[in-house]
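Only one structure is covered here, and it is reproduced in the block below.
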Amino acid sequence: RMEMYKKIAKISTEEDYEDLIDELCDRFGEPPKPVVGLVNVALLRGRAAKLGIYEVSQQNGCLLLYQNSPDVTAVLKAADIMKGRILLNAGNKPYISVKLLNTQTPINALKEALSTLEQTSSAK
């Protein structure tokens, strides 16, 4: 079991995700929803880490994505793509604020923001 947890923790790409889900199905049968949820969260965590995001929180209808050194150009491009729903706060603890749509879950908003930031990032 520990081996599987380690593999889940190392997920950082869609390919890693697909490979792990396939392995889980082969070894244990169709994984239950909580396991798939855990793998999804691990994928988001890995994608965020690749972008230098070390913490994600939710506050007042927004997600706050904390980075030590935000890529200002990428954030500006992402804000344009997401129609101004992304803002950069460059204070002592810099973060990117992502406004959630009324119909959007935080997980879906995070997926959208990460995809957009991956697309606009100069550190591809």
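Computed over region 6-121, the quotient of the alpha carbon radius of gyration and 2.2 N^0.38 Å is 1.15. Farthest towards the positive end of the charge dipole of the chain, among the residues Ile107, Tyr95, Gln119, is the Cα of Tyr95, using unit charges on the Cβ of Lys, Arg, Asp and Glu.
Placing +1 on the Cβ of every Lys and Arg and -1 on the Cβ of every Asp and Glu, with no other charges, gives region 1-119 a dipole of roughly 560 debye about its Cα centre. Looking at region 36-104, the accessible area is 58 square angstrom per residue; that uses a 1.4 Å probe and ignores ligands, DNA and RNA.
For the chain, what's the relative contact order in percent, using C-alpha pairs closer than 8 Å and at least 6 residues apart? The normalised contact order for the chain reaches 21 percent. On region 9-124, 53 percent of the accessible area sits on carbon and sulfur atoms, based on a 1.4 Å probe.
Computed from the C-beta positions of Phe28 and Ser115, the FRET efficiency with R₀ = 35 Å rounds to 0.75. Taken over the chain, lysine pairs spaced eight or more positions apart, or on distinct chains, with alpha carbons under 20 Å apart number 20. Highest average first, the peptides 95-102, 8-15 ordered by how many other beta carbon atoms sit within 10 Å of their residues are 95-102, 8-15.
Around the Cα centre of region 1-53, unit charges on the Cβ atoms of Lys, Arg, Asp and Glu (plus for the first two, minus for the last two) sum to a dipole of about 420 debye.
The values are calculated or read from the model by the stated rules, or taken from the named source; none is laboratory data. Just so it is clear, the structure is predicted and the values come from calculations on it, not from any experiment. We place every Cβ from the backbone using ideal geometry, glycine too, and count neighbours over all the protein chains shown. Accessible surface is based on the protein model in full, side chains and every heavy atom, while ligands, DNA and RNA are left aside. Shrake-Rupley method; radii C 1.70, N 1.55, O 1.52, S 1.80 Å.
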